[in-house]
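The structure under discussion appears below in the form of structure tokens.
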Amino acid sequence: MAERSFVEEVKKLRLKEGEVFSGEGILAVTKALLESGVSYVAGYQGAPISHLMDVLADANDILQEHGIRFENSASEATAAATLAASVNYPVRGAITFKSTVGTNVASDALANLASGGVKGGALIIVGEDYGEGSSIMQERSHAFAMKSQIWLLDPRPNLPSMVNAVKMGFELSEASSTPVMLELRIRACHVHGFFTAKDNQRAKFTLREAMESPQRDVSRIVLPPASYLHEQEKIKDRWPQAVKFIQDKGLNEFFSEEADDIGIIVQGGLYNTLVRALERLGLADIYGQTKIPLYVMNVTYPLVDAEIVRFCKGKKAVLMVEEGQPNFIEQNLSMILRQSKSSTVLHGKDFLPMAGEYTNTVVFNGLQSFLSSQEKNCVPFNADQVDDALPSSAIVPLVHARPPGFCTGCPERPIFTAMKLLGREIGEHHISADIGCHLFSILPPFNLGNTTMGYGLGAAGSAALNVASNKRAISIMGDGGFWHNGLTSGIANAVFNKSDNLTVVVDNSYTSATGGQDVLSSKALNTNRSTGHQIEKAVKGVGVQWVRTVHRTYDIATMKQLLKDALTTKERGPKVLIAQSECMLNKQRREKPLIKSAVKRGERVVREKFGVDHDTCTGDHSCIRISGCPSLSIKENPDPLRLEPVATVLDSCVGCGVCGEASHAAVLCPSFYKAQIISNPSRLDRWMNTLRRWIIEKLQEKMIKRQMVYHF
């Protein structure tokens, strides 16, 4: 397994009543699940929630001690469908995945779950990947919660609030027979803090009891006429029950409610950002004591009308701090205030940006504008720092763009180098990209890829381009995407519709982009999961006839030739090229500690590294343009008669050989060389090194003598 290890951290999950838990947000959420008496947990990895799956995997022995079933699901849809166990039985279940892409994949199961309702608490923990650190389209989970009427929690990003949200989420779900979504933003996932632990709880009703005493309620199955009644049930029964529970338990929070005649309403997840901005304006201290009344929505759907009217009573204006668009909450607030005939003026996106992440600077500027409009004087305690800060417009020209790229030694780099070289021979082809590390090929230096439609949808993205032509479309798909849904939606679909295009499946042994978790085809032995299943067999199993496998992607000449064969063969039908090599990042994580230990023990260790002979390098730098390896750089030419810089290989080189292979395949230049670095050399190594140095010195002496003769 290549996942990040949390073996030491998960020991904290055994803490008992009264002991202080200290750690990261993800670990605290896991502890909260254990304290809540959950029966089963499932999910699919994806930032910023990947670590939760890794923690659960490392804590599997603790989960089993408490009778908790943990499953690493094949997809987000699989995870969501797992919550069906809570429909007929009073068992608590939790699932987790990345939002909004994961929520989209799981949408069918979640919609059916929300329609029929649940008997046991059902919690959906989503990693809200919105903002500057995101890698997906900019959308919010809020819209999905509204659409399916799933209650949405957005707790303040501190450990006690997050732990409470998990526990209250289960209770809210059971009180209203409705699944609950818990939204954790990037900063909440990785925030550190502490809280007072409680004892872990075993489920009151177990999965074994459910299996031995099957129950069936046809009114919970989403079929007419029951499905028509579900909508009425949501509004007439479940909604009021949820609102009552939220009020009774005080899930939303009021701070300094009567302190001023203006106020701020904020999503719980943005509380820390807001308080920091108020602190900079001199209106709050570092402990959150504020001079401005705050209403913190730890539950952002449904809204509690009575609490909103109460907070706005007697205030001339309030500001809604709602990240992202559309401004769902602001619109809802406007309707609530209008229907209650409140005279309070509502502000929001008129002072804050309609879209984009609400960073501290953004909130600070919006607050300043709002307070100025209300004639509120505020003098920032760090006014000098704020005024003298370098404006962003002045910073932009000084900062070079740093687009994401492949890691040093990445086995996917040579695949696209081969494509780039082949394009010079047979022309460019339409390339349907996919989610994963291979998506970096759309950026320099490769500039390959036309579209990307979703995880495992690389082949499906080129389905329309299945027409008679002298060219074939190319689709890219990773092993993670292949097992997620690419086998059916891409490969099987291509067989069914007699596609004549090419799909390249990048098999690097892991779902590398999400943290190196194992998949069905992983070569690593996994005690908890079944691995070692070949992609080639699966592809042939659904009817693909033209299948080729490259066992070493770093062999660029072979990669290039097989790509050419697939794109030029007269054979009709779908073609699949499986490109295999282990993810270098995970390989280095595994091998570096072993090498370090071996060196420390005094064992002989040989490492390979590439270099560039500056005397031979012409300064063309095509090697950099068709590789883009971070270890390839340039340096000043040591020859005083040559001005152009020469290529050089940095110490970060892992010896994958792509630079040399690319130079050979492209017939560029012979300037690359491979060297061996030997730690703890043997006597033979030392003797051979002495011999080589002696021979080189003798040859150099002869060369110098010839130069002297030529000079005279």
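The values are calculated or read from the model by the stated rules, or taken from the named source; none is laboratory data. Because the structure is a prediction, the values reported are computed rather than measured. Heads up, the Cβs are rebuilt from the backbone with ideal geometry, glycines too, and the neighbour counts pull from every protein chain shown. Heads up: the accessible areas ignore ligands, DNA and RNA and are worked out on the full protein's heavy atoms, side chains in. Shrake-Rupley method; radii C 1.70, N 1.55, O 1.52, S 1.80 Å.
Annotations for the structure displayed:
- Against the chain, whose longest principal axis is taken from its Cα atoms, helix 413-426 shows a tilt of about 70°.
- Modelled FRET efficiency - R0 22 Å, GLN545 with ALA464, Cβ distances, 0.05 increments: 0.45
- Database remark: amide H of VAL504 closer than 5 angstrom to the amide H of SER475, ILE476, MET477, LEU577 (H placed geometrically; neighbours at sequence offset of 5 or more, or on other chains; Pro and chain starts carry no H).
- Inter-centroid distance (Cα atoms) of the range 268-327 relative to the range 127-153, Å: 20
- Cα-projected label distance for VAL309 with ILE704, points at 7 Å along beta-carbon direction, nm: 9.8
- Projecting label points 7 angstrom from Cα along Cα→Cβ for ASN637 and LYS249 puts them 7.2 nm apart.
- Theoretical gain in end-to-end length, ASP237 to THR568 [0.36 nm per residue, Cα-Cα removed]: 112.8 nm
- Dividing the mean sequence gap of close Cα pairs (under 8 Å, 6+ apart) by how many residues the chain holds gives a relative contact order of 10 percent.
- Extension gain, THR196-ASN60: 0.36 nm per intervening residue step, less the Cα-Cα distance, totals 46.7 nm.
- Computed over the chain, the per-residue total of -39500 (n - 2.57) for DSSP H runs of n ≥ 4 gives a 222 nm mean residue ellipticity of -10500 deg cm²/dmol, rounded to 500.
- Residues with amide H under 5 Å from that of MET181, placed H, sequence gap 5 or more: ILE124, TRP151, LEU152, LEU153
- Span from the the range 418-483 Cα centroid across to the the range 1-71 one, whole angstrom: 38
- Centre-to-centre separation between the Cα atoms of the range 672-696 and those of the range 158-212: 60 Å.
- Compactness relative to 2.2 N^0.38 Å, alpha carbon Rg of the range 164-317: 1.34
- Partners for LYS592 among lysines (Cα-Cα distance below 18 Å; same-chain residues under 8 apart left out): LYS600, LYS609
- Taking 0.36 nm per residue of separation and subtracting the current Cα-Cα distance, fully stretching the chain between ARG529 and ARG693 would add 53.8 nm.
- Whichever lysines have a C-alpha closer than 17 Å to that of LYS249, once near sequence neighbours (fewer than 8 apart) are set aside: LYS167
- Among 138-148, 636-646, sorting by the average number of other beta carbon atoms lying within 10 angstrom of each residue, highest first, gives 138-148, 636-646.
- Förster-model FRET efficiency, 60 Å R0, ASP285 and ARG607, C-beta, rounded to 0.05: 0.65
- Helix axis angle, 360-373 relative to the chain longest principal axis, alpha carbon, degrees: 40
- Label-point separation, VAL20 to ASN360 (7 Å along Cα→Cβ), nm: 2.5
- For GLY18, the shell of other residues with beta-carbons less than 11 Å away shows a net charge of -1, using +1 for Lys and Arg and -1 for Asp and Glu.
- Given charges at beta-carbon only (K, R positive; D, E negative), |dipole| of the range 128-276 in Debye: 500
- Nearest-ten-degree value, helix 683-711 long axis tilted from longest Cα axis of the chain: 60
- Once the mean of 1/r is taken over each pair of separate Cα atoms and inverted, the range 581-693 shows a Kirkwood hydrodynamic radius of 16.0 Å.
- Pair-distance distribution P(r) for the range 112-223, from all Cα-Cα distances in 10 Å bins starting at 0: 12, 35, 33, 17, 3 percent.
- The coefficient of translational diffusion for the range 256-388, derived via Stokes-Einstein from the alpha carbon Kirkwood radius under 20 °C and 1.002 mPa s, stands at 143 µm²/s.
- Å² per residue, accessible surface of the chain at 1.4 Å: 48
- Overall, the accessible surface of the range 1-141 at a probe of 1.4 angstrom is composed of carbon and sulfur to the extent of 50 percent.
- HIS621/HIS400 FRET efficiency (R0 22 Å; Cβ-Cβ; nearest 0.05): 0.80
- Sparse packing (at most 10 other Cβ atoms within 10 Å of the Cβ) combined with a DSSP loop state is found for the following GluC sites (Glu not before Pro) in the range 190-261: GLU258.
- Counting only residues at least eight positions apart within a chain, or on another chain, there are no lysines with an alpha carbon under 23 Å from that of LYS705.
- Close amide-amide hydrogen proximity is noted between VAL345 and ALA317, VAL318, each under 5 Å apart and 5 or more residues distant or on a separate chain (H modeled in the peptide plane; Pro and chain starts excluded).
- Over 32 Å (Cα to Cα) - which of LYS198/LYS587; LYS198/LYS596; LYS12/LYS244; LYS119/LYS537; LYS198/LYS291; LYS244/LYS315 fall in this group: LYS198/LYS587; LYS198/LYS596; LYS12/LYS244; LYS119/LYS537; LYS198/LYS291
- Karplus 3J(HN,Hα) series, Hz, for the range 266-282 with 6.51 cos²θ - 1.76 cosθ + 1.60 (x for Gly, Pro): 9, 5, x, x, 9, 4, 4, 5, 5, 5, 5, 5, 5, 4, 5, 8, x
- Per residue, the convex hull spanned by the Cα atoms of the chain measures out at 218 cubic angstrom.
- For the range 35-131: Kirkwood Rh in Å [reciprocal of mean 1/r, alpha carbons]: 13.3
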